[in-house]
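Have a look at the structure below before the remarks.
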Amino acid sequence: MREKSCLTFHTSTLRSYSPMTHIVLDQPVWHALSETHQALARNFHGVKCYDPAYCPFGAWVDTQSLPEALDVYTQQIDSFFIVGEKPLHSSRLGIQQELVCLQMVLDQPITHTVHSPISLLSPTFYPQIFDLVQLVQPGYFRPQTPQMGAYYGIFQDEELVAITGERMKLNDFTEVSAVVTHPDCTGRGYAKQLITHTTRQIFAEGKIPFLHVAASNIPAIRLYEKLGFRVRREISFWQLKQA
């Protein structure tokens, strides 16, 4: 009941915040792969999917070729997510889950104070980024995901303990992702500082930050709202897997 009540609240927020300039966010994967991330796209006649080495996401606009295209893509990756409307699929695939997310957008830079040293993470730290994300949020990250955008981190005793980075990148929007803190280091404000820093960098590039958060993740939603994020819409991540 608690989750349902929260969703009702955010749906109300959604009605008051839907600028037409953000319409591309209805299909964030499709537009990212058509714009800034073209080089990472795998195109299958009306379906666009990320190179599975970078991200397990796809999107579609042509339902006629969708089942065949997904069968081709599943030869490269056995489990992936279609973002948006529920996809048609062949008997070779099954829907493992529907992850309902809130898509949130930030209107202006965050004023929160950043007092911890924050580092731009070079490729040297990609293995540590991967290990930390797999520890806290397994299932979405790939070894080459950090190459999709900038990643920032906080170190403690020379160990990477908190990160935030960029995932889907469009011409006018950049997705904030991998907001992760090591379980032994939570409660120190690292996430707030990293989100503040990352979104400031996105604004400095002339882009608008957005993110996706599971609708059931009430603590994270409240944090993002306190920092100034507003719900734009609900959007589903459909996980498909070989049957």
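The values are calculated or read from the model by the stated rules, or taken from the named source; none is laboratory data. Note that the structure is predicted; figures quoted are calculated from it, not measured. No Cβ is skipped: glycine too gets one built from the backbone with ideal geometry, and neighbour counts run over all protein chains shown. Just so you know, the surface numbers come from the protein's heavy atoms only, side chains and all, with ligands and any DNA or RNA stripped out. Shrake-Rupley method; radii C 1.70, N 1.55, O 1.52, S 1.80 Å.
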- A correct Karplus calculation of ³J(HN,Hα) over region 170-176, with 6.51 cos²θ - 1.76 cosθ + 1.60, θ = phi - 60°, whole Hz and x for Gly and Pro, returns 10, 4, 10, 9, 9, 7, 7
- Per residue, how big is the convex hull around the C-alpha atoms of region 42-171? Give it to me in cubic angstrom, could you? 143 Å³
- Message: Taking amide H atoms as placed 1.01 Å from N in the peptide plane, list the residues 5 or more away in sequence, or in a different chain, whose amide H sits under 5 Å from that of Phe57.
- Response: Tyr50, Phe81
- Message: Over the chain, with the other protein chains present, what is the accessible area per residue in square angstrom, probe 1.4 angstrom?
- Response: 47 Å²
- Query: Along the Cα-to-Cβ line of Gln97, 7 Å from the Cα, sits a label point; which residues in region 138-172 have backbone N less than 19 Å from it?
  - Reply: 138-142
- Item | Relative contact order %, region 92-165, counting alpha carbon pairs below 8 Å whose residues are six or more apart | 28 percent
- Item | Computed Kirkwood radius, in angstrom, where 1/r is averaged over Cα pairs of region 28-108 | 13.2 Å
- Query: In cubic angstrom, how much convex hull volume per residue do the alpha carbon atoms of region 20-65 span?
  - Reply: 73 Å³
- Hey, if you drop one equal point scatterer on each alpha-carbon of the chain and run the Debye formula without solvent, what base-10 log of I(q)/I(0) do you get at q = 0.08, 0.15, 0.17, 0.18 Å⁻¹? -0.30, -1.09, -1.37, -1.50
- Query: In whole Å, how far is the Cα centre of region 184-243 from that of region 44-120?
  - Reply: 16 Å
- With the convex hull built on the Cα atoms of region 139-199, state its orientation-averaged projected area in nm². 4.7 nm²
- How many percent of the accessible area of the chain is carbon or sulfur, using a 1.4 Å probe? 49 percent
- Task: Show Glu225, Glu158 ordered by accessible area, largest first, where the area counts protein heavy atoms only and the probe is 1.4 Å.
- Result: Glu158, Glu225
- On alpha-carbon atoms, Rg over Rh for region 147-243 using Kirkwood Rh? 0.99
